[in-house]
Amino acid sequence: MNGNKHILFVDDTEHVISGIQRQLRPYREQWHLHFAISGKQALELMQRQPIDLIVCDMMMPEMRGDELLAKVAAAYPGTVRMILSGYIDETSLRLGLEVAHQYLAKPCSTEILRETLCQIFKIQACVDNPRIAAEVGEASQLPSLPKIYHELNAAIGDERATSAQIADIFAKDMVLSAKLLHLVNSPYFGLQRTVSNLTDAINLIGLKKLNSLVLSVHVKTAFPVNDPAVERYMEYLWQDAARVAELARLIALSERQSEDRPDQAYLGGLLHNMGLLIFMSRCGDKLKILVEQAVNSDKPPAELEMSLFGFTRAEAAAYVLSLWKIPPRIIESILLQNTPSDSEYNGVNALTAVHAASCLLNPAAVPGYGRLFDMALDQTYLQRIGKLDRIGEWRTLAENVTASFAKK
């Protein structure tokens, strides 16, 4: 699977390059490894040889790692970008996260480095479509409603605001939620576990760092909402995400899911339509065509997306979220939300909850746009995992969520 992948390592310290060569020597049959000792040398090499993944140090003379990766992003958007650096402070983390899909800290064991590389290539194989990498490669800044930013800034500046209240603000925005988790799970915090709860993430980061670390990196520009139709559509995306997230959490709880499983279901629901945001950011004109086709065609939305974009919104979201190292169960719940039978797991998990929640909530709040959210319960899948008889209970939960949000 990985035999044709080309990886470029860039570090100005020769003993570091030698160490990486020793570390990965057993995998030379698996990957094609390339090495450079400067940003200039790396760019010259990339002109001759297409590179699937570039791994560079942060602090290098003449050209810093973030500067190199910015050039790579502009010239080769389909190349995955990773920083491997021993110099991690708030400023370098912010600069690195602006341009890198992954950020690993030195020293990095062979096991961790190999695991990270394998994870990246596994996801690339999962959504093995060059059009995704080419069109979605630069999806690090995605549109959000401007009022979310104002609300978040006000809450951070309010001494009375709690972490839970700020988490509620983040929960209104799919992109900010994903970026917050990407940040707290980065090497800067050195956690030995994966955090998937927004309140926990905020507590770990600290309110004082949210403004500088999150907003300055990930919230630079808002999607221009000048067209009333687009504004109405955007508003519904947020509403739909919040409703699906809450219902997914309740379904997980009703199925006695413990530990962080309900949180994973919630986040899967919150991010389940993130692919549409990616379409807005990268393929605005095509998205308008998709909306028109959805209104005038009986074909499933995923089929229309595949015909128009060459990939579905679920694949686009899964690709980006995987590069952000969002927990695998959450990614699966998004990637397979419309085709849960493709999952090999025979129990209840986030996918079960997100699939059911997406199907059970009525998407007709915005006339003409509901077809984009059409999904049907996969009864074969539910029968396989022994939950077909739970649809009635879940439908009651959906009615309660709908009623609850109608009051807000």
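Against the definition (in contact with a helix residue (DSSP H, G or I) (Cβ under 6 Å, 6 or more places away or on another chain) and crowded, with 20+ Cβ neighbours inside 10 Å), how does residue 120 come out, yes or no? Spell out the reasoning first.
Working: in contact with a helix residue (DSSP H, G or I) (Cβ under 6 Å, 6 or more places away or on another chain): no; crowded, with 20+ Cβ neighbours inside 10 Å: yes.
No, not satisfied.
Checking the condition touching a residue at least 40 places away in the same chain (Cβ under 8 Å) and among the charged types (D, E, K, R), which residue from 40, 5 passes? So the residue among 40, 5 that is touching a residue at least 40 places away in the same chain (Cβ under 8 Å) and among the charged types (D, E, K, R) is 5.
When the criteria are applied in full, residue 252 meets the requirement of being at pLDDT 85 or above and in contact with a Pro (Cβ under 6 Å, 6 or more places away or on another chain).
Every condition in (1) over 21 Å from residue 109 (Cβ atoms); (2) touching a strand residue (DSSP E or B) at 6+ places or on another chain (Cβ under 8 Å); (3) in a helix (DSSP H, G or I) holds for residue 20 except the one numbered (1). The number of residues in region 19-52 being in contact with a Ser or Thr (Cβ under 7 Å, 6 or more places away or on another chain) and within 21 Å of residue 130 (Cβ to Cβ) comes to 2. A single member of 65, 19, 39, 78 is assigned by TED's automatic domain parsing to the domain that holds residue 120, surrounded by 19 or more Cβ atoms within 10 Å (Cβ to Cβ) and over 28 Å from residue 205 (Cα atoms), and it is 39. Among the residues of region 354-377, the ones that are at pLDDT 90 or above and surrounded by 19 or more Cβ atoms within 10 Å (Cβ to Cβ) come to 7 in all. Scanning region 158-185 for residues being free of Cβ contacts under 8 Å to residues at least 12 places away in the same chain and either in contact with a helix residue (DSSP H, G or I) (Cβ under 8 Å, 6 or more places away or on another chain) or within 14 Å of residue 97 (Cα to Cα) (or both) gives a total of 1.
Working only within region 23-57, note down all residues that are within 24 Å of residue 92 (Cβ to Cβ), assigned to a loop (DSSP other than H, G, I, E, B) and either of a type in the set (Asp, Glu) or modelled with pLDDT under 90 (or both). Steps first, please.
First pass over region 23-57, keeping only residues within 24 Å of residue 92 (Cβ to Cβ): 23, 35-43, 46, 51, 53-57.
From the residues that got through so far, the ones that are assigned to a loop (DSSP other than H, G, I, E, B) too are 37-38, 51, 57.
57 - this is the single residue of region 23-57 that is within 24 Å of residue 92 (Cβ to Cβ), assigned to a loop (DSSP other than H, G, I, E, B) and either of a type in the set (Asp, Glu) or modelled with pLDDT under 90 (or both).
The values are calculated or read from the model by the stated rules, or taken from the named source; none is laboratory data. Not measured: the values here are computed from a predicted model. FYI the Cβ positions are ideal-geometry reconstructions off the backbone, even for glycines, and counts take in every protein chain you see.
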